[in-house]
Amino acid sequence: MASVSLTCTHKSNGMRPVHPGEILREDFLAPLGLSVNALSVALRVPATRLHEIVKERRAISPDTALRLARYFGGDAQSWLNLQSSFDLRRAELSGKGL
């Protein structure tokens with residue numbers, strides 16, 4: 001599979017934070033016609049873990065980041081950077097009243 005590069009720029013521009021699960025769902029699974037269950041088998045992780053990620057209810061862990069990077073190409077740090085940027089942006093939005 002071709003190597004994939006994920007980039008994330010953090011700007012406080014008023015845009016909603018984008019969860020890595022949305023990126024996984026919209027930029028990887030949908031274009032490839034790959035189901036969450038099929039990916040979970042390929043990654044050797046519980047399907048519930050990936051379902052929670054693509055439903056934006058669970059964070060990308062280092063273990064999951066490594067597995068996604070090995071499967072899709074690219075590097076695990078990119079997945080973790082997406083998660084970190086999402087978490088920071090969400091914290092900024094929730095802390096505006098500080």
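Do you know which residues across segment 61-98 are of a type outside the set (A, V, I, L, M), in contact (Cβ under 8 Å) with a residue 40 or more places away in the chain, over 24 Å from Met15 (Cα atoms) and not in a loop (DSSP other than H, G, I, E, B)? Scanning segment 61-98 gives Tyr71, Phe72. Residues of segment 15-34 include none that is modelled with pLDDT under 95 and in contact with a Ser or Thr (Cβ under 6 Å, 6 or more places away or on another chain).
What do you reckon, is Arg58 buried (at least 17 other Cβ atoms within 10 Å of the Cβ), part of a loop (DSSP other than H, G, I, E, B), under 10 Å from the mean Cα position of the chain (by Cα) and at pLDDT 95 or above?
Numbers: buried (at least 17 other Cβ atoms within 10 Å of the Cβ): yes; part of a loop (DSSP other than H, G, I, E, B): yes; under 10 Å from the mean Cα position of the chain (by Cα): yes; at pLDDT 95 or above: yes.
Against the criterion (buried (at least 17 other Cβ atoms within 10 Å of the Cβ), part of a loop (DSSP other than H, G, I, E, B), under 10 Å from the mean Cα position of the chain (by Cα) and at pLDDT 95 or above), Arg58 qualifies.
Within segment 43-55, if we keep just the residues that are exposed (fewer than 15 other Cβ atoms within 10 Å of the Cβ) and of a type in the set (Lys, Arg), the residue that is farthest from the chain's Cα centre (by Cα) turns out to be Arg44.
Take the residues of segment 61-95 that are surrounded by 15 or more Cβ atoms within 10 Å (Cβ to Cβ) and within 18 Å of Ala30 (Cα to Cα): which is nearest to the chain's Cα centre (by Cα)?
Restricting attention to segment 61-95, the residues satisfying the condition of being surrounded by 15 or more Cβ atoms within 10 Å (Cβ to Cβ) are 61, 64-69, 71-72, 74-76, 78-86, 89.
From what is left, the residues that are within 18 Å of Ala30 (Cα to Cα) are 68-69, 71-72, 79.
Values: Leu68: 9, Ala69: 11, Tyr71: 14, Phe72: 12, Trp79: 6 Å.
Going through the qualifying residues, I end up with Trp79.
Of all residues in segment 18-55 being part of a loop (DSSP other than H, G, I, E, B) and of a type in the set (D, E, K, R), which is nearest to Leu93 (Cα to Cα)? The extreme case among them is Lys55.
The values are calculated or read from the model by the stated rules, or taken from the named source; none is laboratory data. What you are looking at is a predicted structure, and each value in this text was computed from that prediction instead of being measured. Backbone-built Cβ (ideal geometry, glycine too); neighbour counts: all protein chains shown.
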